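Here's the structure we're looking at; comments come further down.
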Amino acid sequence: MNKKPLKRAAILLSIFFLLASITSCGVKDSTIQEKISEATKTTPELSSITSAVKDGVVTLSGEVKDDAAKATCETVIKAIKGVKSVASNITIAPPPPVQAITDSTDDALKKGVTDATKDFPSVKADVADGMITLTGDLKRNSLPKLLQSLSTLKPKKIDNKLTLK
């Protein structure tokens, strides 16, 4: 009986098991999770992000302020040794409500309107949504001066409902 084919088969089988054990000895999920925790300390964008690791696949969840912060989180995690892929469930925070911006704009506009109309006691000026509404009485020759002062405040519109004398 020829023992060469058996030796070859035994060697090939040994090589197969050796390769299988080497490839299955990748970085452990717990090690990847530790590296993510370390990265969180040096990357502020990761502070609001949670992560889960399963078989080298990292799933990120949470909310960041913009697309750049999201991209930073994904890039940092992908660079960690042992990470096979990143599943990103990161969302972008919505912009602040428009009403808050309008309110602060209106506040600044109201202050400017108050200053511009102080020399015209018979004129009442209301500010809403960036628009100025003028009511009351005014001498015709004073109208250009008032409108010019109000125009420098750059309102969306000046609604002139004044009665001219």
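Readers should treat all values here as calculations from the given coordinates under stated rules, not as data from a laboratory. No experiment lies behind these values; they were computed from the predicted model shown. As a convention, Cβ positions derive from the backbone with ideal geometry for all residues, glycine included, and neighbour counts pool all protein chains shown.
Looking at region 98-164, send over the antiparallel percent of its DSSP beta bridges, to the nearest 5. Intermediate results must be reported in sequence, preceding the final value.
Details: 6 of 14 bridges.
The antiparallel proportion sits near 45 percent.
Dividing the alpha-carbon Rg of region 98-164 by 2.2 N^0.38 Å yields what?
On the way: Rg = 11.7 Å, N = 67, 2.2 N^0.38 = 10.9 Å.
So region 98-164 has a normalised radius of gyration of 1.07.
Looking at region 27-92, what % of the alpha carbon pairs are farther apart than 19 Å?
19
Sorted from largest to smallest, which semi-axis lengths in Å does the alpha carbon gyration tensor of region 35-165 give for its equivalent ellipsoid, taking the root of 5 times each eigenvalue? Intermediate values should be presented prior to the final figure.
On the way: eigenvalues 692, 25, 19 Å².
They are 59, 11, 10 Å, listed from largest to smallest.
Express the relative contact order of region 27-92 as a whole percentage, based on alpha carbon pairs under 8 Å and six or more residues apart in sequence. Walk me through the intermediate numbers first.
On the way: 106 pairs, mean separation 23.6, N = 66.
Relative contact order for region 27-92 comes out at 36 percent.
Can you figure out the FRET efficiency of Ser142 with Asp67, using R₀ = 41 Å and their beta-carbon distance, to the nearest 0.05?
Taking R0 as 41 Å, the efficiency between Ser142 and Asp67 is 0.20.
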